[in-house]
Amino acid sequence: MGQGYLLGVDIGTYSSKGVIVTTEGQLVASHTVPHGMDMPKPGYFEQDADQVWWHDFVIIVQNLLKKTALDPRQILALGTSAIGSCVLPIDEEGNPLRAGILYGIDTRASEEILYLEEVLSREEIFNRCAMHLSSQASGPKILWIKNHEPDVYKKTRWFLTSEAYLVYKLSGKPSIDIYTAAGYAPLFDVYKKEWIPEIAKYITPLDRLPPLYWSGEVVGEVTQQAAQQTGLLAGTPVVAGTTDAAAEALSAGVADFGDMMLMFGSSIFFIMKTQELIPTQRFWSSNFLEAGSFAFLGGMSTSGSLTTWFRDQFAHLELNEEKNGGVNAFTSLAEQAAQSPPGSRGLVLLPYFEGERTPLHDPRAKGLLFGLSLKHTRADIYRAILEGVAYGVRHNLEAMREESVIPKRIVAVGGGTKNPVWLQIVADVCRIPLQVPTEQIGASYGDAFLAGRGIGLFRDLTEIRKWVKIKETITPNYDISPQYDFYYRLFRRLYDQTKELMHDLANQLSIWDY
């Protein structure tokens with residue numbers, strides 16, 4: 001049969017990616033499939049579990065096997081990750097009952113959050129979950145289904161998250177990994193690592209919540225039906241997997257306590273590996289991917305989705321050039337942004353286009369572009385977007401420091417790292433060095449490592465060090481940093497002084513339901 005290989009597949013917000021790697025971490029083949037995201041109403045973000053999640057998985061695996069001409073018996077195990085945490089109700093036969101409700105960018109359950117905080121008390125939720133409820137929490141979204149879609153709720157056998165649905169389709173077994181389960185607040189006790197029975201009556205019976213696993217634990221094996229659909233061998237071990245951000249952190253080499261991943265995806269997400277669970281009022285704490293490790297987490301609602309929005313709405317020339325075989329539109333926009341000076345000629349952007357997660361936890365926050373004049377160019381506005389995200393990263397790092405959480409090392413990953421202008425802006429604004437791995441493979445690479453852990457190829461997850469090397473370190477330009485200090489102070493004041501107006505507008509838009 002020859003050498004054995006590991007398979008990893010990640011389903012992201014705008015695309016999915018799979019890899020086959022050797023047991024030493026060498027990339028053999030990869031395949032990417034783009035997809036979209038539905039927004040049926042403002043603040044509602046969804047994806048079809050079969051037409052996006054499972055469809056992409058099948059296409060990716062089929063293409064990887066075709067590219068490599070491997071015998072399916074050579075795939076020793078597989079791991080998956082996906083956006084999260086999400087909420088997908090499935091019926092007794094495993095059929096999705098509605099589109100999957102996405103993670104923190106989906107803000108539909110604001111009223112359910114207020115209700116749960118009232119009946120359970122914010123303090124009690126915090127004491128059990130080590131975090132406060134926000135749009136990132138899945139528990140309120142399950143309650144939203146119960147309140148707004150009672151027929152769906154009654155038919156539900158399991159509430160699954162995104163990667164758990166892939167595991168279910170592959171193995172026929174429901175599951176959720178312990179890291180992702182923390183996102184199902186207020187239903188999950190992060191200290192006891194179990195579902196909380198007394199909260200069930202407020203949201204859903206616990207027998208609708210799946211069994212818990214560590215991310216590298218084998219849940220089951222590929223069924224004959226899944227084998228026929230994918231080309232995999234029936235009986236191939238399937239590990240529980242995890243949320244994409246955690247798999248990405250692993251792929252970035254987050255191995256030691258104090259290592260932090262800063263992921264530039266459609267949203268900003270960061271994960272720092274810690275030696276103990278750190279209760280936090282403004283961020284999230286969780287168990288990490290294996291026993292004895294914990295995570296300190298936070299994230300901004302929009303990041304790469306802002307640059308995508310700008311490209312699609314205002315960069316038609318660049319998009320046409322790209323379609324005709326020219327320079328990538330994002331590369332062209334980055335080059336233009338580099339011609340605008342630090343501070344974007346006096347522009348400050350609040351990146352709260354879909355509310356904000358940490359440290360504000362304000363789903364009604366709105367985007368704002370401040371300081372416009374007739375002298376400003378498109379390049380200035382695009383640079384202001386990059387800087388606005390950087391100010392948001394700095395806000396998070398400062399708030400972390402106030403809670404005595406200081407990363408020893410920051411590794412930058414994700415699509416945004418392809419933009420060197422953006423990386424330098426973040427380093428300058430935050431006064432932090434950013435390490436960039438040699439291989440920007442992504443979460444699917446971490447999935448493959450988890451698969452290897454599941455079948456005993458690695459002692460623990462710290463052995464990811466053997467796979468990951470650092471290509472470069474982006475160092476801050478301390479001569480520029482003081483200029484950004486002024487604009488950062490404006491950034492902070494703009495939110496404080498317009499917050500009430502934002503909320504008034506959000507309330508009115510909700511009434512109009514446009």
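The values are calculated or read from the model by the stated rules, or taken from the named source; none is laboratory data. Since the structure is predicted, the reported quantities are computational estimates derived from the model, not experimental observations. Methodologically, a virtual Cβ is constructed for each residue, glycine included, from the backbone with ideal geometry; neighbour enumeration extends over all protein chains shown. Heads up: the accessible areas ignore ligands, DNA and RNA and are worked out on the full protein's heavy atoms, side chains in. Shrake-Rupley method; radii C 1.70, N 1.55, O 1.52, S 1.80 Å.
Remarks
- Accessible area of the chain divided out per residue, in Å², using a probe of 1.4 angstrom: 39
- Solvent-accessible surface of protein heavy atoms, probed at 1.4 angstrom with all chains present, puts Met37, Met263 in the order Met37, Met263, largest first.
- From phi via Karplus (6.51, -1.76, 1.60), per-residue ³J(HN,Hα) for segment 379-385 in Hz, x at Gly/Pro: 4, 4, 5, 5, 5, 4, 5
- Helical runs (DSSP H, four residues minimum) scored at -39500 (n - 2.57) apiece and divided by the length of the chain put the mean residue ellipticity at 222 nm at -11000 deg cm²/dmol.
- Residues whose placed amide H lies under 5 Å from that of Ser293, excluding near-sequence neighbours: Phe288
- Bridge type composition, the chain - antiparallel percent by DSSP, nearest 5: 75
- For segment 56-98, the Cα-based Rg and Dmax, in that order, read 14.6, 37 Å.
- Loop-resident trypsin sites (Lys or Arg not before Pro) (DSSP state other than H, G, I, E or B) in segment 350-457 with no more than 12 further Cβ atoms inside 10 Å of their Cβ: Lys375, Lys408.
- Other residues with beta-carbon under 9 Å from the beta-carbon of Leu333 carry, at +1 per Lys or Arg and -1 per Asp or Glu, a net charge of 0.
- GluC sites (Glu not before Pro) restricted to DSSP loop in segment 255-349 with at most 13 other C-beta within 10 Å: Glu276
- Protein accessible area in the chain, 1.4 Å probe - carbon and sulfur %: 50
- Rounded to two decimals, the Cα radius of gyration of segment 211-298 over 2.2 N^0.38 Å is 1.31.
- D_trans [Stokes-Einstein, Kirkwood Rh over alpha-carbon pairs] for segment 102-200, 10 °C, 1.306 mPa s, µm² s⁻¹: 113
- Computed from the alpha carbon atoms alone, the convex hull of segment 290-399 holds 145 Å³ per residue.
- Using C-alpha pairs below 8 Å separated by at least 6 residues, the relative contact order for the chain is 16 percent.
- One entry in (i) 25.5, 82; (ii) 22.0, 68; (iii) 23.9, 80 is Rg and Dmax of the Cα atoms in Å calculated from the shown coordinates; its label is (ii).
- When you restrict to C-alpha pairs under 8 Å that are six or more residues apart and normalise by the size of segment 343-408, the relative contact order lands at 36 percent.
- Over 31 Å between alpha carbons, listed pairs Lys193/Lys366; Lys41/Lys66; Lys17/Lys41; Lys193/Lys471: Lys193/Lys366; Lys41/Lys66; Lys193/Lys471
- Zero-based 10 Å bins, Cα pair distances in segment 159-288, whole percents: 12, 36, 34, 16, 2
- Whole-Hz couplings from phi, Karplus 6.51/-1.76/1.60, listed for segment 19-27; x for Gly and Pro: 9, 10, 10, 6, 6, 9, x, 7, 5
- Ranked order, Phe314, Phe491 - accessible area, probe 1.4 Å, largest first: Phe314, Phe491
- Among the listed pairs Lys155/Lys201; Lys141/Lys169; Lys375/Lys418, those beyond 25 Å (Cα-Cα): Lys375/Lys418
- Of the whole protein surface, Trp284 contributes about 10 Å² of accessible area at a 1.4 Å probe radius.
- Per-residue SASA remark: Thr475, around 80 Å² accessible (1.4 Å probe; ligands, DNA and RNA not included).
- Measuring how big segment 362-514 is from its alpha-carbon positions, Rg and Dmax come out at 19.9, 63 Å.
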